[in-house]
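Accompanying notes for the structure given below.
The values are calculated or read from the model by the stated rules, or taken from the named source; none is laboratory data. Please read these numbers as outputs of a predicted model, since none were measured by experiment. Every residue, glycine as well, gets a Cβ built from its backbone with ideal geometry; the counts of neighbours run over all protein chains shown.
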Amino acid sequence: MPLIESNEHKALREAVASFARNHPHTPGTDNRRFWQDAAKLGYIGVNLPEAYGGGGGGIAELSLVLEEMGAAGNPLLMMIVSPAICGTVISRFGTEAQKREWLPALADGSRLMAFGITEPDAGSNSHRITTTARRDGADWLLTGRKVFVSGVDIADATLVVGRTADARTGRLKPCLFIVPRDAEGFRRRPIDMELQAVEKQFELAFDDVRLPADALVGDEDAGLLQLFAGLNPERVMTAAFAIGMGRHALARAVAYARERTVWSAPIGSHQAIAHPLAQAHIDLELARLMTQKAAHLYDAGDDTGAGEAANMAKYAAAEACVKAVDQAVHTLGGNGLTREFGLASLITAARVSRIAPVSREMILNYVSHQTLGLPKSY
Ligand SMILES: Cc1cc2nc3c(=O)[nH]c(=O)nc-3n(C[C@H](O)[C@H](O)[C@H](O)COP(=O)(O)OP(=O)(O)OC[C@H]3O[C@@H](n4cnc5c(N)ncnc54)[C@H](O)[C@@H]3O)c2cc1C
């Protein structure tokens with residue numbers, strides 16, 4: 001893996017950055033137009049196969065696009081879900097018909113897909129999920145609940161992680177179903193979140209939702225492999241989302257610190273202000289290096305290596321983002337807490353990457369057990 005970014009990647013970064021800067025965005029307002037314009041330029045489907053309307057790139061390119069959008073203050077949370085998780089899973093495990101139906105539409109921005117795995121009684125312990133699919137003739141009947149699923153209202157369908165009726169207990173043998181937004185028995189309720197984002201989170205209920213046989217993506221017996229085909233890209237993309245947000249906050253703080261003068265020199269000349277900003281920059285750069293490594297391993301087909309690297313990248317990026325945002329807010333003094341300067345709402349937003357899609361503690365558990373071979377407490 002080259003440690004220096006290729007010229008193609010640099011050019012893609014610059015193009016996305018300039019595109020995103022030309023589409024200034026107020027958090028919480030409709031960003032569909034931005035999504036569609038980005039899709040027209042090939043940014044949303046850059047990772048999807050060319051044969052199905054995508055750009056033929058990988059998670060390396062897609063994560064770079066998301067990072068640059070975030071750095072410009074215009075992140076697209078649904079990129080973590082629609083092209084990265086759903087697009088990847090369908091590309092790798094979908095039938096020819098599913099690929100034809102979904103991939104060109106996900107790439108050109110005309111359709112979106114959400115992703116639901118989290119359940120109220122399972123949380124971080126996915127092995128406890130109980131959303132269950134049982135056969136009824138050629139169809140499936142899906143029953144269960146999900147929580148915190150993002151963008152279900154704006155998505156045409158949700159890729160739902162369930163388990164089959166004969167695999168109700170024991171270790172998780174996940175199976176994935178495409179559930180159309182308006183399927184009968186599929187209900188959603190928005191959760192009142194303290195987040196200023198247009199992508200809302202929902203509690204979902206599936207009450208004997210009837211799905212045709214071809215709603216199942218991949219093999220019902222393929223198990224965790226198919227799921228992690230989607231979850232590793234999700235972690236890499238969340239890392240990119242966090243790095244973008246951290247860079248955005250840091251840039252705002254640096255610009256302010258260069259100008260704001262309350263003694264005889266700008267506040268940025270005081271090391272108490274400058275050094276933490278420099279540290280935030282270093283932490284973000286380091287997190288980006290790990291994110292690039294994880295994306296590279298994933299795109300090279302090393303799912304196991306990518307698993308460890310994606311976890312570490314997500315951890316490093318979330319911690320770097322939380323610290324960068326905190327320091328940025330502090331740098332602006334009272335202005336850091338005004339709506340006008342737009343940084344205070346990032347305090348909440350930055351925490352998302354520490355919790356989702358897998359919490360900081362669960363990553364530390366993963367590294368303790370899988371990498372260091374330490375025993376488990378649970
Ligand atoms: C903004 C947002 C968007 C989201 N979008 C989606 C989405 O689109 N689709 C989806 O499926 N989900 C989504 N989620 C859900 C997210 O993935 C979960 O919130 C996350 O996995 C944590 O689960 P939980 O909230 O149930 O926390 P819990 O599992 O209840 O954990 C609570 C706390 O306990 C800690 N903890 C738990 N177990 C251990 C342990 N063994 N050792 C040490 N500490 C432990 C955790 O680290 C955490 O700090 C979203 C969440 C948010 C906040």
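Can you confirm whether region 184-192 contains a residue that is within 14 Å of the ligand (Cβ to nearest atom) and on the phi > 0 side of the Ramachandran plot?
No, region 184-192 contains no residue that is within 14 Å of the ligand (Cβ to nearest atom) and on the phi > 0 side of the Ramachandran plot.
Take region 72-104 and flag every residue that is over 25 Å from A350 (Cα atoms), in contact (Cβ under 8 Å) with a residue 24 or more places away in the chain and surrounded by fewer than 22 Cβ atoms within 10 Å (Cβ to Cβ).
Hits for region 72-104 are S91, R92, F93, T95, A97, Q98, K99, R100, P104.
Only one residue in A133, A122, A165 is within 12 Å of the ligand (Cβ to nearest atom) and either more than 28 Å from A105 (Cβ to Cβ) or among the hydrophobic types (A, V, I, L, M, F, W, C) (or both), so which one is that?
Going through A133, A122, A165 in turn, just one is within 12 Å of the ligand (Cβ to nearest atom) and either more than 28 Å from A105 (Cβ to Cβ) or among the hydrophobic types (A, V, I, L, M, F, W, C) (or both): A122.
For E319, state whether it is among the acidic types (D, E) and either surrounded by fewer than 16 Cβ atoms within 10 Å (Cβ to Cβ) or part of a loop (DSSP other than H, G, I, E, B) (or both).
no
Return yes or no: is A300 in the same structural domain as E259 (by TED's automatic domain parsing), closer than 24 Å to G87 by Cβ and in contact with a helix residue (DSSP H, G or I) (Cβ under 9 Å, 6 or more places away or on another chain)?
Criteria met by A300.
In the set G218, G223, G170, which member is modelled with pLDDT under 95, away from the ligand (no atom under 14 Å from the Cβ), more than 30 Å from V16 (Cβ to Cβ) and touching a Lys or Arg at 6+ places or on another chain (Cβ under 7 Å)? Write out each step before concluding.
Values: G218 fails: touching a Lys or Arg at 6+ places or on another chain (Cβ under 7 Å); G170 fails: touching a Lys or Arg at 6+ places or on another chain (Cβ under 7 Å).
Only one candidate passes the filter, namely G223.
Could you check how many residues of region 231-254 are over 14 Å from A324 (Cα atoms) and more than 12 Å from the chain's Cα centre (by Cα)?
Within region 231-254, residues that are over 14 Å from A324 (Cα atoms) and more than 12 Å from the chain's Cα centre (by Cα) number 0.
Residues of region 291-316 being of a type in the set (A, V, I, L, M) and surrounded by fewer than 22 Cβ atoms within 10 Å (Cβ to Cβ), which ones?
Selection gives A300, M312.
Scan region 167-216 for residues that are farther than 21 Å from D121 by Cβ and free of Cβ contacts under 8 Å to residues at least 12 places away in the same chain and jot them down.
Going through region 167-216, the residues farther than 21 Å from D121 by Cβ turn out to be 178, 180-184, 194-200, 210-216.
Correct list: D182 only.
Among (1) buried (at least 16 other Cβ atoms within 10 Å of the Cβ); (2) under 19 Å from G109 (Cβ atoms), which single condition is Q36 missing?
The number of the failed condition is (1).
Which one of these is within 30 Å of K146 (Cα to Cα), modelled with pLDDT of 95 or more and of a type outside the set (S, T, Y): N47, N31, N7?
Exactly one of N47, N31, N7 is within 30 Å of K146 (Cα to Cα), modelled with pLDDT of 95 or more and of a type outside the set (S, T, Y), namely N47.
Test each condition in (1) touching a Lys or Arg at 6+ places or on another chain (Cβ under 6 Å); (2) in contact (Cβ under 8 Å) with a residue 60 or more places away in the chain for A309 and report the one that comes out false.
Of (1) touching a Lys or Arg at 6+ places or on another chain (Cβ under 6 Å); (2) in contact (Cβ under 8 Å) with a residue 60 or more places away in the chain, only one is false for A309: (2).
When you go through Y315, Y378 one by one, which is the residue that is more than 18 Å from L66 (Cα to Cα) and aromatic (F, W, Y)? Break it down stepwise before answering.
Numbers: Y315 fails: more than 18 Å from L66 (Cα to Cα).
Result: Y378 is the single residue among Y315, Y378 that is more than 18 Å from L66 (Cα to Cα) and aromatic (F, W, Y).
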